[in-house]
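What follows is a single structure, written as structure tokens, with notes after it.
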């Protein structure tokens, strides 16, 4: 299994950070170049982004499909990857903790590479990409607090 685990601080309340991360259709507004398309393929419980929801994120021709497997507003989201990258058993957990007048975003993931021997490289690459998403989500949450 390859893994990544990191924390990012956001100077925004957990509810605002959760709203940013849970709103798949708006990811393209803040997540950066790699996410030109962001949408719900299927809604979950509670709608739209709860358990069972499938979000589609990416840029042509590369899209990832992720299914929400845990949804505990405003403190926890977990998802698995259904398709889009060469991995098996991918699961990521996002925990939001009140800290220092804002929120600590703890994002961890684990997966098995489909191609043997690529786990370390994929772990580094995915960790870097997801760290970028966490930083961008923190900045977006801070922007939303500053400009209601």
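Take the residues in the range 49-75 that are exposed (fewer than 15 other Cβ atoms within 10 Å of the Cβ) and under 26 Å from residue 102 (Cβ atoms); name whichever of them is nearest to the chain's Cα centre (by Cα). Top of the filtered list is 70.
Restrict the check to the range 114-121 and report whether at least one residue is surrounded by 13 or more Cβ atoms within 10 Å (Cβ to Cβ) and under 14 Å from the mean Cα position of the chain (by Cα). Checked the range 114-121: no residue is surrounded by 13 or more Cβ atoms within 10 Å (Cβ to Cβ) and under 14 Å from the mean Cα position of the chain (by Cα).
Looking across the range 1-33, the residues that are more than 17 Å from residue 99 (Cα to Cα), in contact with a helix residue (DSSP H, G or I) (Cβ under 7 Å, 6 or more places away or on another chain) and surrounded by 15 or more Cβ atoms within 10 Å (Cβ to Cβ) come down to 2, 4, 20, 21, 30, 31. Taking each residue of the range 4-30 that is without any contact (Cβ under 8 Å) to a residue 40 or more places away in the chain and at negative phi and looking for partners that are assigned to a strand (DSSP E or B) and crowded, with 22+ Cβ neighbours inside 10 Å with beta-carbon atoms closer than 7 Å, six or more apart or interchain, yields 24/55. Only a single criterion out of (1) within 16 Å of residue 20 (Cα to Cα); (2) buried (at least 19 other Cβ atoms within 10 Å of the Cβ) is not satisfied by residue 90, namely (1). Could you list, in sequence order, the residues of the range 31-48 that are over 16 Å from residue 70 (Cα atoms), in contact with a strand residue (DSSP E or B) (Cβ under 9 Å, 6 or more places away or on another chain) and touching a residue at least 24 places away in the same chain (Cβ under 8 Å)? Of everything in the range 31-48, those that are over 16 Å from residue 70 (Cα atoms), in contact with a strand residue (DSSP E or B) (Cβ under 9 Å, 6 or more places away or on another chain) and touching a residue at least 24 places away in the same chain (Cβ under 8 Å) turn out to be 31, 33, 34, 35, 36, 37, 41.
Read-outs: derived from the displayed coordinates by stated rules, not from any lab. Just so we're clear, the structure is a prediction, and the values are computed from it rather than from any experiment. Quick reminder, even Gly has a Cβ in these numbers, built from the backbone with ideal geometry, and neighbours come from all protein chains shown.
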